[in-house]
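Asks: First the structure, then my questions, so here it is.
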Amino acid sequence: MRMRRRPRLARTTILAAAATVASGLLLVGAVQGAGESAAHAAGRAWHSVFPDHPKTAAGKRMIVLLATPSVAERAAAGSARPPASEEKQWTADIQSMQASLLAALRQRGVHVKPEHVFTHVLNGFSASLDGRAVAELERNPLVVGVYPVRAVYPAEVQTASGPGQATRVELTGFDGSGVTVALLDTGVDRTHPALRGHVGRGHDFVAGDGRATPERSADEAGRLETHGTRMAGIALGVAPGARILPFRIVGWQHTESGEAVVGGGDLLIAALERAVDPDGDGATSDAVQVALAPVVEPFAAFVDSPESRAVTGATDLGTLVVAPSGNDGDVGLHFGSLAAPGAAPDALSVGAVDTRADVFETRMTLAVRGSAAADESTRVLGGVKTGRGMTLAVAGLLGPSLADPSRAEDVEAGGTELRDFFDPNGVSRVAGRAAIVPADGSSLARQAANAKAAGATALLVYGTDLPAGALDLDDAGALPVIAVSGEAGSDAVAGLRNRDEVVVALGAARPVGNGIAGRVAAFSSGGLAFDGRVRPDLVAPGVNLATVDARASRGERALYATATGSSAAAAVVAGAAALVEQARPELDARALRSVLVGSAKPLGEASTREGAGLVNAAAAAGAQLVVEPSSLAFGRGGAKAWSNSRTITVTNVSRRTLDVGFASVADQVGTSVGFTAEPATLKLGPRASGQVTLGISAPNGVGTGASGVVLAMADGVALARMPWAVGRSPDRTAELVGSVSISNWEFEPSNAAPAVVVFRAGRADPTGNGSIEPVGLLQAELWTVDGKKLGVIARLRDLLPGRYALGLTGRDANGKVLPAGTYVLRLRAQPVDADDGTTPSTAQTIFRIKERS
């Protein structure tokens, strides 16, 4: 069964040399503030557990999209799957067109060497491009647009080995046999006893060789890539009969903070290319059924990006792409925390649920000069010790240290620098003691590792909102990490400043019921993609999951670990998809996605938190309806009367005739949103399809947005659930572009030394709710001072909030040198959802072209 849908490719043309440089995006700090809700505060607390995304050099790597249809677009345009011979011919034609384009560029003196070539999921290539190459490509009518390569990161907290939770997702009678899951991640330890025989050789797109195995850090030989192995273990734990085909798209790179595991969006696309054509012969009859991409491009929920288009292309060619929603928390009916590729319209986006039945707490007495600052039960964040209690002296990180010998006596260090645990003479301050550090948003895992390395017996963290067990540290080898209230911790540190004796008594850790069991984890990203679509589609277990760990060599003992994050949840869903694919092989990629979403079990949280609900493989395997699209975006509402509609296609995949009706349930009781379905019911025989137009209306407006689920029902039973949302009305008073400055307002035309125009694009909500407003399209227009438009000299797409720069060479829209005189550069910025008629924001600056000397 093939259900086809393709987005239209928008034409992008940059008509003059333009260089764009984004500054470092401090989005987490920018979108949070004192007015945040408790939910947002809980989400922010998790930022100290997940590793910071290291900044990588922007470089000149770009993705060039071409206008000639890809193999996927050509296949989607037909009514039946094309024969292999035709696909191979299409591939050859696209390669020939690309070669002709590159040859034409060489004739103009522009030499472009593609690093990765794409023909199937999209038509294009990635390459390192200088300013002239960008200008030549964007002027070419065969080019749709040139996009920067975005950084890609694993979407999981780095945890130590230890016991964990089972996924509890299964389908009786099926184990995923005959299904291949492409894993786009780090390399995988395919010789691990738990994985042996189920993992292929794959391909390493980072190093460019034919084996996707874990690599060591060049800086620290003891550090090994682990994420891919852990995700493979989770997916095979759900579908033990499936086969994993690993594609290494993230690996060790030098960053501003040292070596880190990072990849690029072009490697992600290259891996999807291989996933739909594993043998590389140009035909897609061997496309893998499921591609698991447990990685994130943070905040990059653009629907027209190369990565998003590639997900659509892979889906058209029969591969379901499963990806995490992100680990940056919930922003509800706003844009902000969602990550690519999970935000793509055709991706199966997955959030994480905390399914732990029990967590650990301990009795703690914290005393300053013999007086109790705290005497209470408190959370064990990690490193559970089940033996007897202990009494320890408490040591703080105050004053001069090996890291900063000049630090003032009363200034407290955070603990992310190991040398701060030692005095200026190199003597440990915390050996045999309980170290106390503040919850300042920095990496708690690093603080714990440093405390242990310095000889501490326990770590007290004061002011944290993290739940018990957040660190998942090794039971045997890690020191206990204990949560302390902000007030008690401040009292203890104040006592240490006064050189008072501070002592902590810790009882034995004991299990208690997990009060947030069955709820979406606070770190799990949810909200609206930049097209207004609800994300995630569904949720799955994603906290403290038991899995395997990578080893440096086959001779080492088998290692096991726990994994936490939306990537772990995505791995669970990829395994569930393999089970359902085995049970229902007649379903194509979109239908497989639809039954997984439509059959999810509601948890009672907002649809922007849980999507349709918790994954349910058994219900998906028995699904009777396929609905496309499987989630609905109704745009943004306003404060006044508002309405909108969307058309869905419903297909009966059962063996009986169904009378299907529709109803809507809003997330918030009392939400005054009307719902209509036209027609109100569909009578569908087996394999029959029909279309229904669903309408949402709000007589009094929906300025703060609304969300819920649409139910497709037969005989009073809900057969499919579709999450829907109406986004919050944007702030029309805040401009999307501004703070324009120019390095030299008067200059001679020059390609080598352009004047640089710097400006702010996009905005972050200052109220602390986590939302951002990116720019969908920014045009740089050239005008005369008397109001005559001379043309567009640059068009830039998909800009996240930040500072950007354009180089003015003194040429017009056709590349000709401008006559001497005064001109206006007007920047016009459109939001990502400009189709609703929103007026663009504008800002401008004046410059003068001097006579050439």
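The values are calculated or read from the model by the stated rules, or taken from the named source; none is laboratory data. Since this is a predicted model, take the numbers as computed values, not measurements. Cβ: placed from backbone, ideal geometry, glycine included. Neighbour counts: every protein chain shown. Just so you know, the surface numbers come from the protein's heavy atoms only, side chains and all, with ligands and any DNA or RNA stripped out. Shrake-Rupley method; radii C 1.70, N 1.55, O 1.52, S 1.80 Å.
Asks: Go through Arg81, Arg636, Arg848 and list them by solvent-accessible area, largest first, probe radius 1.4 Å.
Replies: Arg81, Arg848, Arg636
Asks: Ranked highest first by the average count of other Cβ atoms within 10 Å around their residues, in what order do 421-428, 439-446, 339-346 fall?
Replies: Going from most to least packed, we get 339-346, 439-446, 421-428.
Asks: In addition: Dividing the alpha-carbon Rg of the stretch 606-708 by 2.2 N^0.38 Å yields what?
Replies: So the stretch 606-708 has a normalised radius of gyration of 1.19.
Asks: Return the carbon/sulfur percentage of the accessible area of the stretch 202-278, one whole number, probe 1.4 Å, all protein chains in place.
Replies: Ligands and nucleic acids excluded, carbon and sulfur give 44 percent.
Asks: With no solvent and one point per C-alpha, what does the Debye sum give as log10 I(q)/I(0) for the stretch 598-657 at q = 0.23 Å⁻¹?
Replies: Here the Debye-derived log intensity ratios amount to -1.05.
Asks: Can I ask one more? Enumerate the calculated ³J(HN,Hα) couplings along the stretch 623-639 in order (Karplus 6.51 cos²θ - 1.76 cosθ + 1.60, θ = phi - 60°), each rounded to whole Hz, writing x wherever the residue is Gly or Pro.
Replies: 4, 9, 10, 10, 10, 10, x, 8, 9, 10, 10, 9, x, 10, x, x, 6
Asks: Continuing with the same structure: Send over a whole-number figure in Å² for the accessible area per residue of the stretch 221-336, probe 1.4 Å.
Replies: 20
Asks: Can you give the extra length, in nm with one decimal, that the chain gains between Glu586 and Asp209 once fully stretched, where that is 0.36 nm per residue apart less the Cα-Cα distance?
Replies: Gain on stretching Glu586 to Asp209: 132.2 nm.
Asks: Okay, next question. Determine the sum of side-chain charges near Gly613: Lys and Arg each +1, Asp and Glu each -1, restricted to other residues whose C-beta is under 11 angstrom from that of Gly613.
Replies: Net of charged neighbours comes to 0.
Asks: Right, next: Sorting Ser750, Ser771 by accessible area (1.4 Å probe), largest first, what list results?
Replies: Ser750, Ser771
Asks: Moving to a separate point now. Provide the packing ranking of 140-153, 806-819, i.e. peptides ordered by the mean count of other C-beta atoms within 10 Å per residue, highest first.
Replies: My ranking of the peptides, most packed first, is 140-153, 806-819.
Asks: Report the calculated FRET efficiency for Asp358 and Thr255 (r = Cβ-Cβ distance, R0 = 41 Å), to the nearest 0.05.
Replies: 0.60
Asks: Under the √(5λ) rule applied to the eigenvalues of the Cα gyration tensor, what semi-axes describe the equivalent ellipsoid of the stretch 512-633? Give them in Å, descending.
Replies: Result for the stretch 512-633: semi-axes of 27, 20, 14 Å.
Asks: What nm value, rounded to one decimal, do you get for the distance between Asp812 and Arg419 when each label is placed 7 Å out toward the C-beta?
Replies: 5.9
Asks: Using all C-alpha to C-alpha distances in the stretch 262-315, build P(r) with 10 Å bins and read off the rounded percent in each one.
Replies: Pair shares across the bins are 23, 54, 20, 2.
Asks: OK, next. At q = 0.14, 0.19, 0.22 Å⁻¹, work out log10 I(q)/I(0) for the stretch 403-481 with the Debye formula, treating every Cα as an identical point scatterer and leaving solvent out; two decimals please.
Replies: Once normalised to I(0) and log-transformed, intensities are -0.43, -0.79, -1.03.
Asks: On the full set of protein chains, 1.4 Å probe, figure out the accessible area of Phe174 and give it in Å² to the nearest 10.
Replies: Ignoring ligands and nucleic acids, Phe174 comes out at about 80 Å².
Asks: Here's something else I'd like to know. Return the calculated 222 nm mean residue ellipticity for the chain, to the nearest 500 deg cm²/dmol, obtained by summing -39500 (n - 2.57) across DSSP H runs with n ≥ 4 and dividing by the residue count.
Replies: -5000 deg cm²/dmol, from helical runs alone.
Asks: Suppose accessible area is computed on protein heavy atoms with a 1.4 Å probe; arrange Thr681, Thr191 from highest to lowest.
Replies: Result of the area sort, largest leading: Thr681, Thr191.
Asks: Could I ask something else about it? Please report, to two decimal places, log10 I(q)/I(0) for the stretch 514-556 at q = 0.15 Å⁻¹ as given by the Debye formula with identical point scatterers on the Cα atoms and no solvent.
Replies: Computed log10 I(q)/I(0) values: -0.61.
Asks: Also, I was wondering about something else. Roughly speaking, to the nearest percent, how much of the stretch 535-664's 1.4 Å accessible area is carbon and sulfur?
Replies: In the stretch 535-664, the share of accessible area belonging to carbon and sulfur is 48 percent.
Asks: How many Å² of accessible area per residue for the stretch 556-618, probe 1.4 Å?
Replies: 23
Asks: For the stretch 584-609 and the stretch 665-721, compute the distance between their C-alpha centroids and round to whole Å.
Replies: 16
Asks: Normalise the Cα radius of gyration of the chain by 2.2 N^0.38 Å (N = residues in it) and let me know the number.
Replies: 0.97
Asks: So for each of 464-471, 233-240 I average, over its residues, the number of other beta carbons within 10 Å; can you give me the resulting order with the highest mean first?
Replies: 233-240, 464-471
Asks: Could you report the stretch 502-543's accessible area per residue, 1.4 Å probe, as an integer in Å²?
Replies: 23
Asks: For Asp410 paired with Ala508, estimate the spin-label separation in nm (one decimal), with each label point 7 Å from Cα along the Cα-to-Cβ line.
Replies: 4.3
Asks: How large is the convex hull of the C-alpha atoms of the stretch 457-546 per residue, in Å³?
Replies: Convex hull volume per residue, Cα atoms: 163 Å³.
Asks: Can you tell me how much longer the chain between Gln89 and Ser739 gets when fully stretched, taken as 0.36 nm per residue apart minus their C-alpha distance, in nm with one decimal?
Replies: 228.9 nm
Asks: Taking the Cα centre of the chain as origin, work out the dipole magnitude from +1 charges on Lys and Arg Cβ and -1 charges on Asp and Glu Cβ, in debye rounded to 20.
Replies: Using Cβ point charges on Lys, Arg, Asp and Glu, the chain gives about 1440 debye.
Asks: Moving on. Which FRET efficiency value, to the nearest 0.05, do you get for Asp659 and Ala558 by plugging their Cβ-Cβ distance into 1/(1 + (r/R0)^6) with R0 = 56 Å?
Replies: The formula returns an efficiency of 0.55 here.
Asks: Mind pulling up the Rg/Rh value for the stretch 757-853? Radius of gyration and Kirkwood radius, both on Cα.
Replies: 1.04
Asks: Something else: Taking the Cα-to-Cβ direction at Lys113 and at Phe675 and moving 7 Å from each Cα, how far apart do the two end points lie in nm?
Replies: Reported label-point gap for Lys113 and Phe675 is 5.8 nm.
Asks: A follow-up question, please. What list of ³J(HN,Hα) couplings, whole Hz, do you get for the stretch 842-853 from phi and the Karplus terms 6.51, -1.76, 1.60, once you set θ to phi - 60° and write x for glycine and proline?
Replies: 9, 8, 8, 8, 9, 9, 10, 8, 8, 5, 5, 7
Asks: Give the Rg/Rh ratio for the stretch 63-214, taking Rg as the radius of gyration of the Cα atoms and Rh as the Kirkwood radius, to two decimals.
Replies: 1.07
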